[in-house]
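In what follows, a single structure is set out as structure tokens and then discussed.
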Amino acid sequence: MMLLFYRIGLWIYAGIIHIVSLFNNKALLWIRGRKNIWKRIADIKLNSEEKVIWMHVSSLGEFEQGRPLIEELKKQNQNVQIVLTFFSPSGYEIRKNYSNANAVFYLPIDSPRNARKWYDLIKPDYVIFVKYDFWYYYIREAHLRNIPIILISAVFKPYQIFFKWYGRFYRKMLGFFNFIFVQDANSAIELKKININAEVAGDTRCDRVIQIAQNPLPLNEVKAFIQNRFTIVVGSMWNEDMQVLKDTINSSGEDIVWIIASHNIEDSYISLLEKQITKPALRYSQLQDSKDKQFQVLFIDNIGKLSSLYQFAKIAYIGGGFGKGIHNILEPAVYGVPVVFGPKYHKFNEAVEMVSCNAAFCVKNQQEAKSIFEVLIHNELKRNAAATSAYNYIKSKAGATALIIQKIYLN
């Protein structure tokens, strides 16, 4: 009965997407990206003599968790063939030309026919799902064909459907996986309660940020702008974050530099943020190796630099905590930078754990923001302790990629 509901739910979902696509660009991309999908899949050229690994991710965040595994697999065997699929446009549209994948597609909607057709065409030797986005027929078909199927970077909570009395259908899906690698011990404990074995591997994103931090962009023009001043980097800022931070920024001392990377880099959005700042400010595109100390705020109006900007930070603020949820806090933490963010963080294991070890701090309003920044700026002992905790947290979670690859090759 649950399987019938599942199929009906997929039909309804596809129907809603088609309706929404009439006025929503993301939904339209979802539709267009799957147009003639089977012809494009049939046209890819894969070498039958070499291993094929299919990795499925939901969106961009999950891709970043799978990426270290792909790159290490390629490093160990250049001939291994990677087929990467996305469910969401927000991941596919950004990574559709990812150079380490032999092919990148939207995943055709889940059905018995589509699953059979997919495996007939791709013929993967291994299947890897990242974190979640479980699709019953694709997972079952791998199981029926005795193709090893692996779940990586997963997190499980007691409130999820797997652990409910009515979650038998979803528990069955977990039973199809040959290996399940989870980020933390609590996830393994929850799975054990429903007789599912899992191995605690850590978070593959930690391997990724360590790799980035070993070779960051030099950004010499930013370094010249800072001139050894105390630097605070605000990553993925939304206007809601600015409402909380603007008093702290505007009242900060003249020896403090704020580097602000907006989540939205459209000119109108950055202008909206700029208007709320009374300190002398300029944009990255206007920088030109400026050494003028009159400027205290730098707005980043391009992409691809944020993860390297954290190398200059004494403190980082990560946006999203007053909206749908915080953005990446591991990128600053790897440099040993204390992290501050808003209250929407409880869905993110790393945030919960970093708060508990005093490497990160949550603020709920302007007053709390001003207070915590005052402490972290002027209390060097507290700031250094938080910095050490942040760095140690990343190191403690590293190594997931090597562990997963070892398991793949040994089996």
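The values are calculated or read from the model by the stated rules, or taken from the named source; none is laboratory data. For clarity, every value in this text was computed on a predicted model and none was experimentally measured. Don't worry about glycine lacking a Cβ; one is built from the backbone with ideal geometry, like all the others, and counts go over all protein chains shown.
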**Study point:** Filtered residues of the range 223-264 (kept if surrounded by fewer than 24 Cβ atoms within 10 Å (Cβ to Cβ) and charged (D, E, K, R))
**Key:** K223, R229, E240, K246, D247, E254, D255
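Just wondering, is there one or more residues in the range 52-68 that are more than 30 Å from Q406 (Cβ to Cβ) and among the small types (G, A, S)? Can you show your working first?
In the first step, residues of the range 52-68 are kept if they are more than 30 Å from Q406 (Cβ to Cβ); the result is none.
No: zero hits.
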Point to revise | strands (runs of 3 or more DSSP E) wholly inside the range 117-202 that include at least 1 residues being farther than 29 Å from K39 by Cβ and touching a residue at least 24 places away in the same chain (Cβ under 8 Å) | key: 149-154, 179-182
Review point. What's the number of the condition A42 fails, among (1) among the aliphatic types (A, V, I, L, M); (2) buried (at least 17 other Cβ atoms within 10 Å of the Cβ); (3) more than 26 Å from I152 (Cα to Cα)?
Key: (2)
**Study point:** Lone qualifier among Y409, Y335 - being among the aromatic types (F, W, Y), modelled with pLDDT of 95 or more and outside the structural domain of S187 (by TED's automatic domain parsing)
**Key:** Y335
**Study point:** Among the residues listed as F181, F176, the single one being more than 19 Å from Q65 (Cα to Cα), among the aromatic types (F, W, Y) and modelled with pLDDT of 95 or more
**Key:** F176
**Study point:** Neighbours by Cβ (under 8 Å, 6+ apart or cross-chain): first from the range 96-108, over 18 Å from R34 (Cβ atoms); second of a type in the set (V, I, T) and part of a loop (DSSP other than H, G, I, E, B)
**Key:** N102/I44
Revision key, fill the gap. Of the candidates V130, V155, the one satisfying the condition of being touching a Gly at 6+ places or on another chain (Cβ under 7 Å) and β-branched (V, I, T) is V130
Check your understanding: Just wondering, is there one or more residues in the range 59-70 that are of a type outside the set (D, E, K, R), touching a residue at least 24 places away in the same chain (Cβ under 8 Å) and assigned to a loop (DSSP other than H, G, I, E, B)?
Key -> yes
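Considering only the range 301-338, state which residues are on the phi > 0 side of the Ramachandran plot and either crowded, with 24+ Cβ neighbours inside 10 Å or in contact with a Lys or Arg (Cβ under 9 Å, 6 or more places away or on another chain) (or both).
Quick first cut of the range 301-338, residues on the phi > 0 side of the Ramachandran plot only: 304, 320, 325, 336.
Result: G320, G325.
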